[in-house]
Amino acid sequence: MSSTVITNVATLVTNDPSRGDGSPLGLIRDAAVVLDGDRVAWTGGSGRAPAADNRVDAAGRTVLPGFVDSHSHLVFAGDRTQEFNARMSGRPYTAGGIRTTVAATRAASDADLEANLTRYLAEALRQGTTTLETKSGYGLTVADESRALRIAARHTDEVTYLGAHVVPPEHAGDPAGYVDLVTGAMLDACAPHARWIDVFCERGAFDGDQARAVLTAGRAKGLLPRVHANQLSHGPGVQLAVELGAASADHCTHLTDADVDALAHGDTVATLLPGAEFSTRAEWPDARRLLDAGATVALSTDCNPGSSFTSSVPFCIALAVRDMRMTPDEAVWSATAGGAAALRRTDIGRLGPGTRADLVLLDAPSHVHLAYRPGVPLVGGVWRGGVRVV
């Protein structure tokens, strides 16, 4: 594979605090970056850049790591416009809306599900997302969950088994029996196609004991845990995530002091999903509280057809700065290095020798423009694995 040098970069975000200005973003001004094959080979001042096969002039624009979207639900069919319209007219969001998508997804063909998935993956890529996790959870039968994961695994390495999304209608009278299915035959069929296991630990979905059973069974099959935690109310999700060593507790909207302390002193990342609060008019997560306590925070889209139908990480960055009390630097770090931490990856979310050559060229002189110019399509180029794809 050939090498490429990108020169005349006004601001290079490396996310390496030992570089550049010494901040968490490791900003290098008047910079260059060299890509060799699918890896970054060199970063530094533009005037010292080594030669390469190809040369790209950034023309005074910003380069940063590709966004790492560590929470999405993209294997689905159907449309929930009517639900959104009703909610914006005053009806509150509840977990029951998921069942609408379950019915449509079960009725869809494999080809339709894959076409939908690839459409939204391409949409995210155009907005700078180079790594994307996605989940099952809209099938809720052995056959439908396993086919969702097989389809997803053809397009991303970060695949999550979410059989424990909600209890489907046919098991409404026997939730314990459904947990047995999720931890038994369904898990057996799904584990070969997934890296992660997740559970919606929430009122109206699965309680703490049920969530523990799901995550423990998945871990015994070699799947790594993550948790939908504390989205709609206070509950046991965050504490359970930290106790079981989950990579991420996602949503984290309603937290006690003990929850914040657990996240600050454990290895579990607090993944915040502001698109969900935007789309449901719910209370915003208090990112400032988590950051000041020392917790690691990630930002993700939660792209799904019911409660956060956005694939735009830049939009979520702007929301986090405006409504969750994050600084622009913190939000950009959380959408790149933070997302990588939520996936327990060290090869992405940063730009330095040996990391994956996943990067974004912004049509702006600074990463701050992602929040400063909300809604403006600033992504001017995307490289994934060293290949320019946008």
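The values are calculated or read from the model by the stated rules, or taken from the named source; none is laboratory data. These numbers come from a predicted model, not from an experiment. Glycine also receives a Cβ, built like all others from the backbone with ideal geometry; neighbour counts cover every protein chain displayed. Surface areas here come from the heavy atoms of the whole protein model, side chains and all, with no ligands, DNA or RNA. Shrake-Rupley method; radii C 1.70, N 1.55, O 1.52, S 1.80 Å.
Kindly indicate whether VAL182 is part of a helix (DSSP H, G or I), among the β-branched types (Val, Ile, Thr) and crowded, with 24+ Cβ neighbours inside 10 Å.
So VAL182 fits the description; yes.
Out of curiosity, is GLU123 in contact (Cβ under 8 Å) with a residue 12 or more places away in the chain, closer than 30 Å to ARG356 by Cβ, assigned to a helix (DSSP H, G or I) and acidic (Asp, Glu)? Spell out how you get there, then give the answer.
Numbers: in contact (Cβ under 8 Å) with a residue 12 or more places away in the chain: yes; closer than 30 Å to ARG356 by Cβ: yes; assigned to a helix (DSSP H, G or I): yes; acidic (Asp, Glu): yes.
Yes; evaluated as a whole, the condition is true for this residue.
Out of all the residues in segment 245-257, is one or more among the aliphatic types (A, V, I, L, M) and part of a helix (DSSP H, G or I)?
Step one: list which residues in segment 245-257 are among the aliphatic types (A, V, I, L, M), which gives 246-247, 249, 255.
Checking the rest, the ones that are also part of a helix (DSSP H, G or I) come to none.
Within segment 245-257, not a single residue is among the aliphatic types (A, V, I, L, M) and part of a helix (DSSP H, G or I).
Cβ-Cβ distance below 9 Å, separation of 6 or more or different chains: which pairs start in segment 295-324 with a residue that is touching a residue at least 24 places away in the same chain (Cβ under 8 Å) and under 14 Å from THR271 (Cβ atoms) and end on one that is of a type in the set (Lys, Arg) and surrounded by fewer than 24 Cβ atoms within 10 Å (Cβ to Cβ)?
ALA295/ARG289; MET324/ARG288
Please verify whether GLY47 is assigned to a helix (DSSP H, G or I) and either of a type in the set (Gly, Ala, Ser) or modelled with pLDDT under 95 (or both), treating the condition exactly as stated.
The answer is yes for GLY47.
Tell me, which residue of segment 342-354 that is surrounded by 24 or more Cβ atoms within 10 Å (Cβ to Cβ) and either out of contact with any helix residue (DSSP H, G or I) (no Cβ under 7 Å at 6 or more places or on another chain) or without any contact (Cβ under 8 Å) to a residue 12 or more places away in the chain (or both) is nearest to ARG373 (Cα to Cα)?
Checking each candidate, the answer is LEU351.
Can you pull out every residue in segment 312-335 that is open to solvent by 10 Å² or more (accessible area, probe 1.4 Å), more than 10 Å from LEU370 (Cβ to Cβ) and either of a type in the set (Ser, Thr, Tyr) or in a helix (DSSP H, G or I) (or both)?
If the condition is that a residue be open to solvent by 10 Å² or more (accessible area, probe 1.4 Å), more than 10 Å from LEU370 (Cβ to Cβ) and either of a type in the set (Ser, Thr, Tyr) or in a helix (DSSP H, G or I) (or both), then SER312, LEU319, ARG322, ASP323, THR327, ASP329, GLU330, TRP333 are the ones that fit.
What number of residues within segment 219-272 are open to solvent by less than 60 Å² (accessible area, probe 1.4 Å), among the polar types (S, T, N, Q) and more than 20 Å from the chain's Cα centre (by Cα)?
Of the residues in that region, 2 qualify.
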